[in-house]
Amino acid sequence: MKAIKRTLLSAAGLLLLFLFFPTWTPSIAGENSITRFEKVKINGADHQIMIRGMDRNNPVLLFVHGGPGASEIPYVRKYQKEWEKEYTIVHYDQRGTGKSYHFGEDYSDLTTDVLVDDLLSLTDYVAEELGQSKVLLAGHSFGTYIGIKAAAKAPEKFHAYIGIGQVSDTVESELDGLNYAILQAQAEGNAKDADRLEGMRESIETGGVYVPRNLIRKYGGASRLINDNKDYYTGFLTSTEYNGLDVLRYLFGIKETQDQLLKEEAEYPLPSLVKQLQLPVYFVMGQYDYMTSAKAAEHYFDELQAPKKEFVLFEDSAHFPQFEEKERFLNWLNETVSALGANK
């Protein structure tokens, strides 16, 4: 009985440690480096931000994560070490997401307009803290829905807008994903998957229903050169930025906010909301992306008006070209920022 008691006490101690250990982001060597990991009150709500870079005078690259509710803070350092030499990288957990989720708070009225206003206020905070007049804005996946609306609302705050895995017309994108997954399932002899997907066609055509992400992922339409699910699991278990309680916040945030935000995305397609931008625009897509279809994104790109725009296709990637081909992405980014004069 004593041995069992000791085992139970040890297990309880480990669980408490996992839930509540202090979180931080590792420092970067250098006299002018910056590593900040803190909560900042934005528009009345505490937001977790992570700022990392070898030289705080480098251009600021502000990332808007997707999901909705899918913070990239738990694992993103794995991919951005080289970026930190050239840029000051800013990540944040959006309102109701991850470390920015607060137990007991009501998120039933959360909309993308609220998230856009949060992003613009955060941009002002970051620019002032780092002494820069503008930042580079990069959205990923659902983060592009927020990011492009923010760029349309306040283009003067940004050097450029970069949409990675750009959201477009939801129905068109989902039908692309549906057709792709059916063809792949048939090619691999998985009739059960193909039949299940075909049975969803009418619901997808009328909007509001998404192709099951596990099937998009199964057939290579989410990632091809990385394992994005494994990145999350590993990050949740081993990163210094998230503890067990933060993982619970992450899961609760998705449960409480994701459906309503996805419903808004489906009811108000981006091409009908943002038809023109007053700043340079770049859509960066993976050729095999069927989470947010590259083909649908290109249709939106063709219609979008901007003083300068470029559609960049990464031939070996799916939904995460910035991670799947991180060296090529950094090279492209450096060339683009240099051409914009944003690195001066």
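Would a scan of region 3-19 turn up a residue that is modelled with pLDDT under 95, surrounded by 12 or more Cβ atoms within 10 Å (Cβ to Cβ) and under 17 Å from Gly244 (Cβ atoms)?
Yes, the conditions are met somewhere in region 3-19.
Evaluate the following for Leu62: is it under 18 Å from Ala150 (Cβ atoms), crowded, with 23+ Cβ neighbours inside 10 Å and at pLDDT 95 or above?
yes
Could you count how many residues in region 203-225 are closer than 14 Å to Leu175 by Cα, of a type outside the set (Val, Ile, Thr) and touching a residue at least 24 places away in the same chain (Cβ under 8 Å)?
Matching residues across region 203-225 total 7.
Being crowded, with 16+ Cβ neighbours inside 10 Å and without any contact (Cβ under 8 Å) to a residue 40 or more places away in the chain: is that true of Ala306 here?
yes
Across region 23-35, what is the number of residues that are touching a Pro at 6+ places or on another chain (Cβ under 8 Å) and surrounded by fewer than 13 Cβ atoms within 10 Å (Cβ to Cβ)?
The number of residues fulfilling the criteria is 0.
List, please: which pairs have Cβ atoms under 6 Å, are six or more places apart or on different chains, and start with a residue in region 241-253 that is under 14 Å from His47 (Cα atoms) and end with one that is at pLDDT 95 or above and of a type in the set (Lys, Arg)?
If the second residue must be at pLDDT 95 or above and of a type in the set (Lys, Arg), the pairs left are Asp246/Lys99.
Consider only pairs whose beta carbons are under 7 Å apart and that are at least six residues apart or on different chains; among these, list those whose first residue lies in region 135-153 and is over 18 Å from Phe320 (Cα atoms) and whose second residue is modelled with pLDDT under 95 and of a type outside the set (Ser, Thr, Tyr).
Leu136/Ala342
Go through (1) part of a helix (DSSP H, G or I); (2) buried (at least 20 other Cβ atoms within 10 Å of the Cβ) for Thr292 and report which single condition fails.
Thr292 satisfies every listed condition except (1).
Output the residues belonging to region 322-339 that are surrounded by fewer than 19 Cβ atoms within 10 Å (Cβ to Cβ) and more than 18 Å from Val64 (Cα to Cα).
Glu327, Arg328, Asn331, Asn334, Glu335, Ser338, Ala339 - these are the residues of region 322-339 that are surrounded by fewer than 19 Cβ atoms within 10 Å (Cβ to Cβ) and more than 18 Å from Val64 (Cα to Cα).
Can you tell me which residue is farthest from Asp117 (Cα to Cα) among those in region 36-50 that are surrounded by fewer than 16 Cβ atoms within 10 Å (Cβ to Cβ) and not charged (D, E, K, R)?
Per the criteria, the residue is Gly44.
Surrounded by fewer than 17 Cβ atoms within 10 Å (Cβ to Cβ), within 20 Å of the chain's Cα centre (by Cα) and modelled with pLDDT of 95 or more, is that true of Leu251?
The answer is yes for Leu251.
Evaluate region 299-322: report whether one residue or more is among the β-branched types (Val, Ile, Thr) and not in a loop (DSSP other than H, G, I, E, B).
Yes, there is a match, as at least one residue in region 299-322 is among the β-branched types (Val, Ile, Thr) and not in a loop (DSSP other than H, G, I, E, B).
Please determine whether any residue of region 193-213 is within 30 Å of Tyr107 (Cβ to Cβ) and either crowded, with 23+ Cβ neighbours inside 10 Å or touching a strand residue (DSSP E or B) at 6+ places or on another chain (Cβ under 8 Å) (or both).
Looking for residues that are within 30 Å of Tyr107 (Cβ to Cβ) and either crowded, with 23+ Cβ neighbours inside 10 Å or touching a strand residue (DSSP E or B) at 6+ places or on another chain (Cβ under 8 Å) (or both), one finds at least one in region 193-213, hence yes.
Please specify each residue of region 129-154 satisfying the condition of being farther than 20 Å from Val114 by Cβ and either under 19 Å from the mean Cα position of the chain (by Cα) or not charged (D, E, K, R) (or both).
Scanning region 129-154 gives Leu130, Gly131, Gln132, Ser133, Val135, Leu136, Ala138.
Restricting region 81-97 to residues that are out of contact with any strand residue (DSSP E or B) (no Cβ under 7 Å at 6 or more places or on another chain) and crowded, with 18+ Cβ neighbours inside 10 Å, which is farthest from Glu256 (Cα to Cα)?
It comes out as Glu86.
Would you pick out the residues in region 65-79 that are out of contact with any His (no Cβ under 7 Å at 6 or more places or on another chain) and surrounded by 16 or more Cβ atoms within 10 Å (Cβ to Cβ)?
Within region 65-79, Gly67, Pro68, Gly69, Ala70, Pro74, Tyr75, Arg77, Tyr79 meet the criteria.
Name the residue that is farthest from Leu248 (Cα to Cα), counting only residues in region 87-109 that are assigned to a loop (DSSP other than H, G, I, E, B) and small (Gly, Ala, Ser).
Ser108
When region 151-210 is examined, which residues are found to be over 30 Å from Leu137 (Cα atoms), polar (S, T, N, Q) and outside any helix (DSSP H, G or I)?
Those that are over 30 Å from Leu137 (Cα atoms), polar (S, T, N, Q) and outside any helix (DSSP H, G or I): Asn190, Thr206.
Among the residues in region 68-86, are any at positive phi and assigned to a loop (DSSP other than H, G, I, E, B)?
Yes.
Might you check whether a residue that is under 26 Å from Leu330 (Cα atoms) and crowded, with 24+ Cβ neighbours inside 10 Å occurs anywhere in region 99-111?
Within region 99-111 (the criterion being under 26 Å from Leu330 (Cα atoms) and crowded, with 24+ Cβ neighbours inside 10 Å), the answer is no, since none of the residues qualifies.
The values are calculated or read from the model by the stated rules, or taken from the named source; none is laboratory data. Keep in mind the model is a prediction, meaning the values are calculated, not measured. All Cβ positions, even for glycine, are placed from backbone atoms using ideal geometry, and neighbour counts span all protein chains on display.
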